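The values are calculated or read from the model by the stated rules, or taken from the named source; none is laboratory data. These numbers were taken from a predicted model, which means no experiment stands behind them. For neighbour counting, all protein chains shown are included, and Cβ atoms are generated from backbone atoms with ideal geometry for every residue, glycine included. Heads up: the accessible areas ignore ligands, DNA and RNA and are worked out on the full protein's heavy atoms, side chains in. Shrake-Rupley method; radii C 1.70, N 1.55, O 1.52, S 1.80 Å.
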Amino acid sequence: MNLSDSKKKLALAGIVCGLVAACLAYFGNPANMAFCIACFIRDTAGALGFHSAENVQYVRPEVIGLVLGAFLASVVTKEYRSTAGSSPMVRFVLGMILVIGSLVFLGCPLRMIIRMSAGDLNAWVALIGFVLGVGTGVFALKKGFSLGRAHTANRMNGIVLPILLAGVLVLAMAALLKSSESGPGSMHAPVLMSLAGGLIFGAFAQKARMCFAGSIRDVVLMKNFDLLTVIGGLFVVMLVFNIATGKFIPAFDTPGVIAHSEHLWNILGMYSVGFAAVLAGGCPLRQLILAGQGSSDSAVTVIGMFAGAGLAHNLGLAASGTAADAATGEIVAGSVPLNGKIAVIICIAVCFVIAFLNKRTEGK
């Protein structure tokens with residue numbers, strides 16, 4: 001079944017994905033991190049030992065479920081295509097940028113929408129940067145940007161990442177990987193519920209072609225608002241959930257929300273994410289979905305995302321959120337470290353280099 005051929009079906013897909021996120025938040029995931037690709041990849045990378053930040057180490061079954069859900073949906077509907085061969089190292093770098101920019105903002109585009117639905121005004125500020133970043137990527141597309149065409153590959157090539165992630169889940173369930181005892185990494189819904197949520201979210205996202213950068217790109221490039229419908233459905237469900245559970249707090253500095261109010265860096269962090277997402281052909285969520293349906297190009301981008309998550313914490317790039325001091329009870333404002341600010345500027349510069357040094361004419 002194709003969910004992307006009508007706005008009603010797209011809205012339905014968004015509602016289902018919103019219900020999944022709301023359920024996971026209700027049953028244990030951090031409320032404003034109900035479903036975040038960058039944060040979940042960071043936690044999973046920590047569980048694998050890619051970084052040593054003990055409070056964000058936990059294999060998130062949702063990430064694995066997304067890939068497996070997209071894989072199963074594409075196989076059942078005969079959309080699975082194993083492809084590869086288009087600028088792998090550039091895609092690896094773009095994957096790193098997607099996560100580094102997200103962790104400076106403290107969330108991927110999906111979490112940005114979830115934070116917006118909870119009244120987090122910082123997320124609304126970051127939306128400005130994301131839209132501008134996508135717009136810059138669209139400008140590059142109009143000027144001839146291309147990473148080249150992918151070609152059909154051996155059918156087994158496309159299932160390597162799903163198999164690897166399934167193996168990671170087995171290791172985690174056997175308690176062979178790291179797991180946080182405090183902090184965000186210790187907050188999670190039951191494993192089987194998280195896995196089921198990821199499978200459902202992945203299947204619906206695959207059928208609806210869900211992409212946060214793609215929805216804005218289509219508006220700017222083609223005046224097509226269809227993909228915004230699925231985002232709208234998710235937003236409305238999460239808005240209702242947050243209001244009903246008392247988690248809707250319209251403010252900038254809210255303890256426990258895992259956000260900061262350094263507006264320039266919220267904007268620039270999400271600018272780099274929006275820019276890189278257009279260049280890579282999809283937001284972090286879309287990369288996982290495409291990897292699940294056979295794209296080795298997206299699988300390389302996903303691996304770059306894991307590498308970026310490791311670097312973000314090993315090099316002190318990730319921002320900190322506003323919190324209450326455990327000893328004094330005073331509010332400590334979240335912030336972006338100097339290393340994170342430098343990293344975002346480098347990421348944006350690299351995006352411009354990639355955008356204007358990769359032209360379609362080079363392949364002719």
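Scanning region 167-191 for residues that are open to solvent by less than 30 Å² (accessible area, probe 1.4 Å), within 10 Å of PRO61 (Cα to Cα) and assigned to a loop (DSSP other than H, G, I, E, B) yields a single hit, ALA189. In a residue-by-residue description of region 282-296, the property of being open to solvent by less than 40 Å² (accessible area, probe 1.4 Å), touching a residue at least 12 places away in the same chain (Cβ under 8 Å) and in a strand (DSSP E or B) applies to at least one position. All conditions in (1) surrounded by fewer than 24 Cβ atoms within 10 Å (Cβ to Cβ); (2) of a type in the set (Asp, Glu); (3) part of a helix (DSSP H, G or I) hold for GLU79, with the sole exception of (3). Selection within region 82-118: residues that are over 24 Å from ASN314 (Cα atoms) and not in a helix (DSSP H, G or I). The member of this set that is nearest to the chain's Cα centre (by Cα) is ALA118. Within the option set LYS143, LYS78, being of a type in the set (D, E, K, R), out of contact with any Cys (no Cβ under 7 Å at 6 or more places or on another chain) and touching a residue at least 12 places away in the same chain (Cβ under 8 Å) holds for one residue only, LYS143. Exactly one residue out of ALA118, ALA53, ALA150, ALA84 is in contact with an Asp or Glu (Cβ under 8 Å, 6 or more places away or on another chain), open to solvent by less than 40 Å² (accessible area, probe 1.4 Å), modelled with pLDDT under 95 and small (Gly, Ala, Ser), and it is ALA84. Considering GLY65, GLY101, the condition of being farther than 22 Å from LEU177 by Cα, among the small types (Gly, Ala, Ser) and buried (at least 24 other Cβ atoms within 10 Å of the Cβ) is satisfied by GLY101 alone.
Determine, yes or no, whether LEU227 is modelled with pLDDT of 95 or more, crowded, with 19+ Cβ neighbours inside 10 Å and part of a helix (DSSP H, G or I). Taking the combined requirement at face value, the residue does not satisfy it. A single member of LYS223, LYS178 is in contact (Cβ under 8 Å) with a residue 24 or more places away in the chain and not polar (S, T, N, Q), and it is LYS178. Scanning region 6-22 for residues being assigned to a helix (DSSP H, G or I) and out of contact with any Phe, Trp or Tyr (no Cβ under 9 Å at 6 or more places or on another chain) gives a total of 5. Of the residues making up region 269-277, not a single one is β-branched (Val, Ile, Thr) and modelled with pLDDT under 95. Just one residue in the set GLY69, GLY65, GLY28 is among the small types (Gly, Ala, Ser) and part of a loop (DSSP other than H, G, I, E, B); that residue is GLY28. Checking region 92-101 against the condition returns no match, with no residue being among the β-branched types (Val, Ile, Thr) and in contact with a His (Cβ under 9 Å, 6 or more places away or on another chain).
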